[in-house]
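Peer 1: Structure provided below as structure tokens; questions to follow.
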Protein chains: 2
Amino acid sequence: MGAMSNVERAVSALRQMIFAGELPPGSDHLETELAEKLGMSRTPVREAALMLQAQGLVEMRPRRGIRITPVSAADMAEIYDILTELESLAAARAAEAQYSKADLANLATAIRDMDGALARDDLRAWAEADDRFHRELVRLGRNARLSMVVSVMRDQVRRARATTLFMRPKPKQSNEDHRVVYQAIARGDAQVAHDTHHAHRQAARDMLVALLEKHQFHGL
Amino acid sequence: MGAMSNVERAVSALRQMIFAGELPPGSDHLETELAEKLGMSRTPVREAALMLQAQGLVEMRPRRGIRITPVSAADMAEIYDILTELESLAAARAAEAQYSKADLANLATAIRDMDGALARDDLRAWAEADDRFHRELVRLGRNARLSMVVSVMRDQVRRARATTLFMRPKPKQSNEDHRVVYQAIARGDAQVAHDTHHAHRQAARDMLVALLEKHQFHGL
DNA sequence: TTATGCGTTAATGTATACACAAGTGCATAC
DNA sequence: GTATGCACTTGTGTATACATTAACGCATAA
């Protein structure tokens with residue numbers, strides 16, 4: 001059952017530790033140190049670090065160790081700009097694809113879950129469903145490379161969310177946007193799907209960047 | 001002077017061999033084999049392969065060797081869709097940035113070079129200058145992550161160009177588009193810069209995909 | 001006190017060794 | 001002739017060893 005290589009184990013363990021904040025942004029870690037912590041030799045740790053580096057989660061700097069990449073407000077602006085364009089394209093493509101209601105079930109469920117979470121004031125559940133909505137949207141856009149790029153960017157957003165989720169205003173407008181996008185896709189209106197999602201992401205971008213700048217998270 | 005690690009050497013050597021067609025798309029190569037060819041041990045070759053895998057140039061499949069990723073017409077459609085969106089955003093951002101004429105010198109030079117190459121019927125020189133134009137455009141958009149994603153995608157386009165460059169019609173419309181984009185950026189018109197470039201890339205996409213499909217390059 | 005240079009330390013880059021597992025071919029049975 | 005299983009081969013995943021070289025501290029000089 002454990003058909004999982006040490007490299008894979010290292011990748012997911014490191015990801016988990018990064019997202020959990022156990023390896024804080026900006027902190028350095030020697031290969032040997034991480035290898036010991038993960039109970040394996042340096043080789044798979046190095047390979048895992050190389051992969052995470054390609055995704056922008058860590059930087060390997062000779063003799064200084066593996067640094068957990070910090071994400072500044074400026075970084076977040078870059079990331080959201082990319083997300084905005086690529087997800088909007090995915091929304092347009094999804095609309096063009098003439099999906100049936102059944103195909104869009106996951107999208108509908110995610111929206112309903114967000115409503116529910118919001119009513120219960122459960123921000124964590126809301127964030128999880130929001131993630132799910134965006135992931136499904138991109139999947140429906142049917143572009144494997146785009147999905148990969150977006151997922152890398154979304155990982156970065158997830159990291160910042162730990163600090164922003166409870167500072168931001170309640171995401172009320174958000175759900176209305178999602179519903180409009182959903183309906184546009186359902187009736188095959190690519191233009192509206194695209195533009196609505198674009199505006200949605202841009203608004204989120206501006207709000208988050210302002211939030212991060214205000215609270216001086218310039219390099220955490 | 002040779003402050004270059006074996007991993008770096010391996011990465012650039014492999015890239016070169018891939019772009020030159022010396023390692024043909026779809027071909028498999030054992031780690032040992034490549035290591036011997038490059039005059040180093042498996043370790044740096046493996047690390048180089050991991051990096052190239054992250055960029056989609058190769059795939060590592062256990063026991064089957066390192067495969068040079070083939071690029072099909074469908075892949076090219078995906079790639080161009082991403083390029084279209086991201087480069088257009090860069091064009092818009094460049095326009096918003098209020099660059100001086102001096103800042104746009106590289107752009108202007110690239111356009112002039114393309115004109116010259118086209119007049120001499122030198123398609124290779126044209127392709128080189130075209131690359132330069134697009135690279136500079138993205139740089140002016142000032143989004144480091146976007147630049148990286150675009151450069152990965154452009155690498156894939158470069159690979160296909162070896163087969164398409166001499167089959168496609170002469171890129172005459174292309175230069176007019178570039179000029180319009182340049183002027184829009186110079187006068188700070190983000191909308192025109194964006195939309196013109198978007199249409200430019202989309203046209204290129206449709207032309208190339210049709211070309212590749214027609215000539216049945218479905219997996220070479 | 002601050003700057004400069006040297007020696008030490010230790011982390012990395014790379015080579016090598018080895019166990020394991022997947023693919024291959026042959027032999028055997030039907 | 002086809003199918004099944006077994007032994008063998010061989011590539012990879014991982015551990016380990018080692019040389020190199022960059023960072024750091026200390027001493028010395030201005």
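Peer 1: Looking at (1) within 13 Å of DNA strand C (Cβ to nearest atom); (2) out of contact with any His (no Cβ under 7 Å at 6 or more places or on another chain), which is the only condition A:TYR80 fails?
Peer 2: All conditions are met except number (1).
Peer 1: Six or more apart or on different chains, Cβ atoms under 7 Å: show the pairs whose first residue is in the stretch B:128-151 and under 16 Å from B:ALA190 (Cα atoms) and whose second is among the β-branched types (Val, Ile, Thr) and open to solvent by less than 10 Å² (accessible area, probe 1.4 Å).
Peer 2: Listed pairs, sorted by first residue: B:VAL138/B:VAL150.
Peer 1: Mind listing whichever residues of the stretch A:24-37 are open to solvent by less than 70 Å² (accessible area, probe 1.4 Å), within 14 Å of DNA strand C (Cβ to nearest atom) and not hydroxyl-bearing (Ser, Thr, Tyr)?
Peer 2: Residues of the stretch A:24-37 open to solvent by less than 70 Å² (accessible area, probe 1.4 Å): A:24-29, A:31, A:34-35.
This time we only want the ones that are within 14 Å of DNA strand C (Cβ to nearest atom), so: A:27-29, A:31, A:34-35.
Result: A:ASP28, A:HIS29, A:GLU31, A:LEU34, A:ALA35.
Peer 1: Select, from B:LEU146, B:LEU140, the only residue that is more than 14 Å from every other protein chain (Cβ to nearest Cβ) and open to solvent by less than 30 Å² (accessible area, probe 1.4 Å).
Peer 2: Working: B:LEU146 fails: more than 14 Å from every other protein chain (Cβ to nearest Cβ).
Only one candidate qualifies: B:LEU140.
Peer 1: Among the residues of the stretch A:50-73, write down those that are more than 14 Å from DNA strand C (Cβ to nearest atom) and free of Cβ contacts under 8 Å to residues at least 24 places away in the same chain.
Peer 2: Within the stretch A:50-73, just A:ALA54 meets the criteria.
Peer 1: With respect to A:ARG135, is the statement that it is open to solvent by 20 Å² or more (accessible area, probe 1.4 Å), in the same structural domain as A:TYR99 (by TED's automatic domain parsing) and touching a Leu at 6+ places or on another chain (Cβ under 9 Å) true?
Peer 2: no
Peer 1: Can A:ARG15 be described as touching a residue at least 40 places away in the same chain (Cβ under 8 Å) and either away from DNA strand D (no atom under 14 Å from the Cβ) or exposed (fewer than 15 other Cβ atoms within 10 Å of the Cβ) (or both)?
Peer 2: Considered against the rule, which asks whether it is touching a residue at least 40 places away in the same chain (Cβ under 8 Å) and either away from DNA strand D (no atom under 14 Å from the Cβ) or exposed (fewer than 15 other Cβ atoms within 10 Å of the Cβ) (or both), A:ARG15 comes out as yes.
Peer 1: Condition first: part of a loop (DSSP other than H, G, I, E, B), modelled with pLDDT under 95 and of a type outside the set (Gly, Ala, Ser). Now tell me which residues in the stretch B:179-219 satisfy that.
Peer 2: B:HIS215, B:GLN216, B:PHE217, B:HIS218
Peer 1: Can you tell me which residue within the stretch A:81-123, out of those that are within 26 Å of A:ALA162 (Cα to Cα), more than 14 Å from every other protein chain (Cβ to nearest Cβ) and polar (S, T, N, Q), is surrounded by the most Cβ atoms within 10 Å (Cβ to Cβ)?
Peer 2: Applying the filter and picking the extreme gives A:ASN106.
Peer 1: Read through the list (1) surrounded by 17 or more Cβ atoms within 10 Å (Cβ to Cβ); (2) under 30 Å from B:ILE79 (Cβ atoms), then give the number of the only condition that A:ALA129 fails.
Peer 2: It fails just one condition, (2).
The values are calculated or read from the model by the stated rules, or taken from the named source; none is laboratory data. Note that the coordinates shown come from a computational prediction; the quantities given were computed from them, not determined experimentally. Backbone-built Cβ (ideal geometry, glycine too); neighbour counts: all protein chains shown. Side chains are part of the model used for accessible areas, which takes the heavy atoms of the whole protein and leaves out ligands, DNA and RNA. Shrake-Rupley method; radii C 1.70, N 1.55, O 1.52, S 1.80 Å.
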